[in-house]
Amino acid sequence: MATAKRLYLYLVSGVGLGLLLAATSILVGLLLDRFGLGSTAIVMGPTSGHASRESLSLAIGFVVVGLPLWLIHWALVERMVAGDGPAAGVERQSIVRAVYFGIVLVSLVALAAASGADLLREAICRPLGATDLYYSPSISGSAAWLIIALGAFLYHAWIRARDIRQGPTITGAAAWVSRLAFYGFAYAAMTVALVEFGTVLATVFRALTVNVGVAPGSYVV
């Protein structure tokens, strides 16, 4: 029964967290657009305002569903690990909790690395007029995801560090999951960064060689 309860709480908390991250990224992206820090879509005229309203409506819907979902279930999770009693210690050592934090931390660091690399790629390539026709992420969208992913990662890393600090020592399968998660998010960040770095070099190379003499803003494929 205890395991089923854990699975339910962490699963629903994860769903609520995903909705909140999506909503917040949209809102931050729209805010960055408002300050002229990069358009979320290549649109002109009234379509731009319509797209913004559609995005805002979607974000509000995600918040209405995701915020209470996450707050209620995460509050119950936090209550289970509060204090120094034996039940709290058992919960901090739970394999379900270890898997949850492992998945969340690896996903967030991979998302942050990908968004940061996309942001760097566009900042370098767009001034050269080297925009990939098949993959051209928005600057504000990438910046928004980078901010949100880093914030969520730091929060969850702080929570997990608190588990370790309060004790008891995490052992067994939960300890192995925690170690694998640490190496996993390091590997994910490094892999994504290397792939994106190679993409930046390839795009810049094409811009400086194949597209010589073409006006800035032209597409390079």
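The values are calculated or read from the model by the stated rules, or taken from the named source; none is laboratory data. The shown structure was predicted, so the numbers you read here are calculated from the model rather than taken from an experiment. Neighbour counts are summed over all protein chains in view; Cβ atoms, including those assigned to glycine, are modelled from backbone coordinates with ideal geometry. Quick note on the areas: whole protein, heavy atoms, side chains included, nothing else; ligands and nucleic acids left out. Shrake-Rupley method; radii C 1.70, N 1.55, O 1.52, S 1.80 Å.
For the stretch 64-103, filtered to residues that are open to solvent by less than 20 Å² (accessible area, probe 1.4 Å), among the aliphatic types (A, V, I, L, M) and in a helix (DSSP H, G or I), the residue that is nearest to THR199 (Cα to Cα) is ALA98.
I'd like to know if the stretch 30-42 contains one or more residues that are open to solvent by less than 50 Å² (accessible area, probe 1.4 Å), at pLDDT 80 or above and part of a helix (DSSP H, G or I).
Yes; the residues of the stretch 30-42 include at least one that is open to solvent by less than 50 Å² (accessible area, probe 1.4 Å), at pLDDT 80 or above and part of a helix (DSSP H, G or I).
Screening the stretch 52-63 for residues that are loosely packed, with under 13 Cβ neighbours inside 10 Å and over 20 Å from the mean Cα position of the chain (by Cα) and picking the one that is modelled with the highest pLDDT gives SER57. Contact map, the stretch 103-119: residues that are free of Cβ contacts under 8 Å to residues at least 40 places away in the same chain paired with residues that are among the polar types (S, T, N, Q) and open to solvent by 20 Å² or more (accessible area, probe 1.4 Å), Cβ distance under 6 Å, separation 6+ or inter-chain. No pairs are found. The residues of the stretch 81-112 that are within 18 Å of SER25 (Cα to Cα) and of a type in the set (Val, Ile, Thr), listed by number, are VAL104, VAL109.
Pairs are defined by a Cβ separation below 9 Å, a sequence spacing of at least 6 or placement on different chains, a first member in the stretch 8-19 that is within 15 Å of SER107 (Cα to Cα) and modelled with pLDDT under 90, and a second member that is of a type outside the set (Phe, Trp, Tyr) and buried (at least 17 other Cβ atoms within 10 Å of the Cβ); no pair meets this definition.
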